[in-house]
Amino acid sequence: MTREERVDKQKLEESLKYMHFNRFMMVRYLSAAYFFVNAAWALVAFSYQSWTLYIPLVMVVLNLLSSMEIAGKLQSKTTDAPKTTFYFLVQLTLNLLLGIICFTPLAASVFPFVSAKNARAIITMILLIGIFGAIMVLNRLQAVKTNSDKYYKVISAFKKNHIKN
């Protein structure tokens, strides 16, 4: 194999590696968003010396574990992401529970920083966006796991057109 052929082969392998990694792009971006929202909630809860501080802290830790798993996908072509799936199931469940709590007397103790009704509406909107995002990520993770995502078709076509057996 000539030097040029080795370089071309290496470029193809790198392209495939990043194509596989990009299957998780939406997961990476939404994980970052959830990280910052949970971290902000932790800071606010800390400033109010609220017992709810532990909830966002646990979510930040789970998010970091999930992010490490997704970062590892750059070196691995595995499609299963159990830690990430678990994290987003927990985040979805938490957002649903918090959404319900927003309309109960518990809201004042869970969200001590929310006193006005307008603020409660904003929290509810944030939770609804979070619910929608978690559902999107869980659907994407399932599609990647079963190779039914659009990126898998692109990768298959790329392999067919560029890799000689």
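The values are calculated or read from the model by the stated rules, or taken from the named source; none is laboratory data. In this text, all values refer to a predicted model and were calculated from it rather than measured experimentally. Cβ atoms come from the backbone with ideal geometry, glycine included; neighbour counts cover every protein chain shown.
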Residue pairs qualifying under the 6 Å Cβ cut-off, at least six apart or on distinct chains, with the first in the range 59-84 being in contact (Cβ under 8 Å) with a residue 24 or more places away in the chain and the second being among the acidic types (Asp, Glu) and surrounded by 19 or more Cβ atoms within 10 Å (Cβ to Cβ), are 81/69; 84/69
Counting only residues in the range 113-156 that are over 26 Å from residue 82 (Cα atoms) and among the small types (Gly, Ala, Ser), the one surrounded by the fewest Cβ atoms within 10 Å (Cβ to Cβ) is identified as 116
Pairing a residue in the range 21-39 that is without any contact (Cβ under 8 Å) to a residue 40 or more places away in the chain with any residue that is of a type in the set (Phe, Trp, Tyr), where Cβ atoms lie under 9 Å and the two sit 6 or more apart in sequence or on different chains, gives 25/151
Those residues of the range 110-135 which are assigned to a helix (DSSP H, G or I) and in contact (Cβ under 8 Å) with a residue 12 or more places away in the chain amount to 110, 120, 123, 124, 126, 127, 128, 130, 131, 133, 134, 135
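Conditions (1) aliphatic (A, V, I, L, M); (2) farther than 30 Å from residue 114 by Cα; (3) within 18 Å of the chain's Cα centre (by Cα), marked per residue:
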{"position": "17", "(1), (2), (3)": "no, yes, no"}
{"position": "26", "(1), (2), (3)": "yes, yes, yes"}
{"position": "37", "(1), (2), (3)": "yes, no, yes"}
{"position": "45", "(1), (2), (3)": "yes, no, no"}
{"position": "49", "(1), (2), (3)": "no, no, no"}
{"position": "57", "(1), (2), (3)": "yes, no, yes"}
{"position": "62", "(1), (2), (3)": "yes, no, yes"}
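Looking at the structure I just gave you, is residue 53 part of a helix (DSSP H, G or I) and farther than 24 Å from residue 145 by Cβ? Step through it out loud before you land on a result.
On the way: part of a helix (DSSP H, G or I): yes; farther than 24 Å from residue 145 by Cβ: yes.
When the stated conditions are applied, residue 53 passes them.
Could you identify the single residue in 16, 97 that is in a helix (DSSP H, G or I), under 24 Å from residue 137 (Cβ atoms), touching a residue at least 60 places away in the same chain (Cβ under 8 Å) and of a type outside the set (Lys, Arg)?
On the way: 97 fails: touching a residue at least 60 places away in the same chain (Cβ under 8 Å).
Being in a helix (DSSP H, G or I), under 24 Å from residue 137 (Cβ atoms), touching a residue at least 60 places away in the same chain (Cβ under 8 Å) and of a type outside the set (Lys, Arg) holds for just one of 16, 97, which is 16.
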Looking across the range 70-112 at residues that are among the polar types (S, T, N, Q) and more than 30 Å from residue 18 (Cα to Cα), the single one that is surrounded by the fewest Cβ atoms within 10 Å (Cβ to Cβ) is 104
Expected output for the range 149-165 (first residue modelled with pLDDT under 85, partner of a type outside the set (Ser, Thr, Tyr) and assigned to a helix (DSSP H, G or I), Cβ below 6 Å, 6+ apart or cross-chain) is 162/12
All-but-one check, residue 58 against (1) closer than 17 Å to residue 138 by Cβ; (2) β-branched (Val, Ile, Thr); (3) in a helix (DSSP H, G or I), failing number (1)
Restricting attention to the range 73-86, the residues that are assigned to a helix (DSSP H, G or I) and either modelled with pLDDT of 95 or more or on the phi > 0 side of the Ramachandran plot (or both) number exactly 5
